[in-house]
1. Please work out which residue is surrounded by the fewest Cβ atoms within 10 Å (Cβ to Cβ), limiting yourself to region 3-33 and to residues that are part of a strand (DSSP E or B) and touching a helix residue (DSSP H, G or I) at 6+ places or on another chain (Cβ under 9 Å).
2. Of all residues in region 95-105, which are free of Cβ contacts under 8 Å to residues at least 60 places away in the same chain and out of contact with any Ser or Thr (no Cβ under 9 Å at 6 or more places or on another chain)?
3. So Trp29 passes all but one of these: (1) of a type in the set (A, V, I, L, M, F, W, C); (2) within 14 Å of the chain's Cα centre (by Cα); (3) on the phi > 0 side of the Ramachandran plot. Which condition number does it fail?
4. Consider only pairs whose beta carbons are under 7 Å apart and that are at least six residues apart or on different chains; among these, list those whose first residue lies in region 1-18 and is closer than 13 Å to Tyr34 by Cα and whose second residue is in a helix (DSSP H, G or I).
5. Modelled with pLDDT of 95 or more and under 10 Å from the mean Cα position of the chain (by Cα), is that true of Phe42?
Amino acid sequence: MPGWKREVGRRLDALIVRTVPQVRKAVKWNSPFYGIEGQGWFLNFHCFTKYVKVAFFRGTSLRPPLPGESKHEEVRYLDIHEDDGFDETLVASWIRQASELPGWVP
């Protein structure tokens, strides 16, 4: 992950591992994926030019609702720009909730 996005990726990865100690990790399509054995993937993130897009595959089930909508019915996004901070408590809550739901299975 280039530049400032590398630190965002490190923070997200550490937060996910702290929140879901049994998490499985993989890299698919040049993006890190996080899931639970036997349940599928619950989250991934991807670098774009001006932001990091965090995708919650069952995002419509999370509370409070995530800000970013998707063309996929259940997916919701959190976009993190260079000068954005993110509320780790809130993001950890979304991660915990997402990890408890059936995940996406390709």
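1. Among residues in region 3-33 that are part of a strand (DSSP E or B) and touching a helix residue (DSSP H, G or I) at 6+ places or on another chain (Cβ under 9 Å), the one surrounded by the fewest Cβ atoms within 10 Å (Cβ to Cβ) is Lys25.
2. Listed by number, the list holds a single entry, Glu100.
3. Going through (1) of a type in the set (A, V, I, L, M, F, W, C); (2) within 14 Å of the chain's Cα centre (by Cα); (3) on the phi > 0 side of the Ramachandran plot one by one, Trp29 breaks only (2).
4. Hits for this filter: Leu15/Glu88; Leu15/Val91; Leu15/Ala92; Leu15/Ile95; Ile16/Ile95.
5. yes
The values are calculated or read from the model by the stated rules, or taken from the named source; none is laboratory data. Note that the structure is predicted; figures quoted are calculated from it, not measured. Cβ sites come from the backbone with ideal geometry, for glycine too, and all protein chains shown count toward neighbours.
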